[in-house]
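All remarks here apply to the structure that follows.
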């Protein structure tokens, strides 16, 4: 079994959204398993002392221009004006709850649906009700998901995944690790592919 | 006359060094004039409230791994271990002094020589004496350059260029502006090329 591509993301990141639309094709081309790892950038920023890039002077303006430009280049739908980053606690917990319970529904499908709802459709995924609506739209039992959001083991899983990511050096998203090699940024996916294809 | 590519850099940035080795070929392929604009990131960071990326927890470790990886991919020489960023005041002033006096010597040649001396050869370009040595190595009159470093109009030029860059939104280097379109990062030069080639 080949080593997986670890894909670290926060639903709150527009670049993670862009990466999420491309990463499965990338993994397929490389014939690698793909591990989706939702994390909370807020916890990362507490460690690094950073602030969200979109909130930074000058850089925020650039990113609000660059995200739509990148989306157009990739042909990925994006709401206009660009939605704001959001507190992704409920979305991340829903993702790990579904990962834990297993069954017919895929946590990756839920991840795509949440990303799309916020970034393409402009529905505020900070609101747990909206996350539940998205889950229900996929055929999930709304009450079961709601209970899952409050499940202590789900909360703990998200905390552990975020701490583990920090332990592996993740300081921003999207972030990829393959064969112990780290790549930061949606704009480095081509480099990751070349690296796996033979390094340099 | 086609609009130029504005290339903003700080000698202190290893990614600006990498970009400097590629940007002339890029401009030639696009048939665009190229304007080299040395700025002081220290002044930019005062506006943005940021800290140098190499000094950030986690991100600094990543960059110390990524810079050599990028250099290997590009076939660009790099000292090992990676030199530290440095106060590039003297180097930047020497660049603008030479730009102002004109003559047979090219400020771009001096820029390459300073970048190479620090990042490829590991000679500390924070030291004015070392900058003078590099200039002398190109055949420049050492005493004339030394006098230039203290010239008030040269100091003012560097200040004005840095302020103008901030006014155009430059928050990091390397940074490129072409046809009013901004691109941040050595890893976005391919995107700049595609943009000028037809946009999307």
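Each reported figure results from applying straightforward, stated rules to the coordinates on display, with no laboratory input. Values in this document were obtained by computation on a predicted structure and should not be read as measured data. Methodologically, a virtual Cβ is constructed for each residue, glycine included, from the backbone with ideal geometry; neighbour enumeration extends over all protein chains shown.
In whole angstrom, segment A:40-138 maps to an equivalent ellipsoid with semi-axes of 26, 18, 11, each derived as √(5λ) from the alpha carbon gyration tensor and ordered largest first. Placing pseudo-labels 7 Å out from each Cα toward the beta carbon at residue B:109 and residue B:2 gives an inter-label distance of 2.6 nm. Computed over the protein assembly as shown, the per-residue total of -39500 (n - 2.57) for DSSP H runs of n ≥ 4 gives a 222 nm mean residue ellipticity of -15500 deg cm²/dmol, rounded to 500. For chain A, a Kirkwood hydrodynamic radius built from all Cα pairs, placed in the Stokes-Einstein relation at 4 °C and 1.567 mPa s, yields a translational diffusion coefficient of 75 µm²/s.
For the rotational copy pair B/A, the chain B residue whose Cβ lies nearest the symmetry axis, together with its distance in Å, is B:187, 3.
Counted over the protein assembly as shown, the DSSP beta bridges are approximately 60% antiparallel.
The alpha carbon radius of gyration of the protein assembly as shown, expressed as a multiple of 2.2 N^0.38 Å, is 1.10.
Exposure proxy for A:80, B:112, A:118: other Cβ atoms within 10 Å of each Cβ, ordered fewest to most, give A:80, B:112, A:118. Pairs of Cα atoms nearer than 8 Å and 6+ residues apart set the relative contact order; for segment A:84-132 it is 46 percent. Once the chain from residue A:160 to residue A:141 is taken as fully extended at 0.36 nm per residue, the excess over their C-alpha distance is 4.3 nm.
Inter-copy label distances for residue A:122: 5.6 nm (label point placed 7 Å from Cα along Cα→Cβ; shortest first). Give, as ranges by residue number, the residues of segment A:113-136 whose backbone N falls under 13 Å from the point 7 Å along Cα→Cβ of residue A:101. Flagged as within label range: A:132-133, A:135-136. Mean sequence separation of contacting Cα pairs (under 8 Å, at least six apart), scaled by the length of chain A, corresponds to a relative contact order of 31 percent. Label-point distances for residue B:77 to the equivalent site in the other copies, using a point 7 angstrom along Cα→C-beta, read 5.4 nm when ranked shortest first. Here B:88, B:13 are placed in order of increasing Cβ neighbour count within 10 Å, fewest first, which gives B:13, B:88. With the simple model of a label 7 Å out from the Cα in the direction of the Cβ, residue B:181 to residue B:24 spans 2.5 nm. Projecting 7 Å from Cα along the Cα-to-Cβ direction, the label point of residue B:147 sits 8.6 nm from its equivalents in the other copies, listed shortest first.
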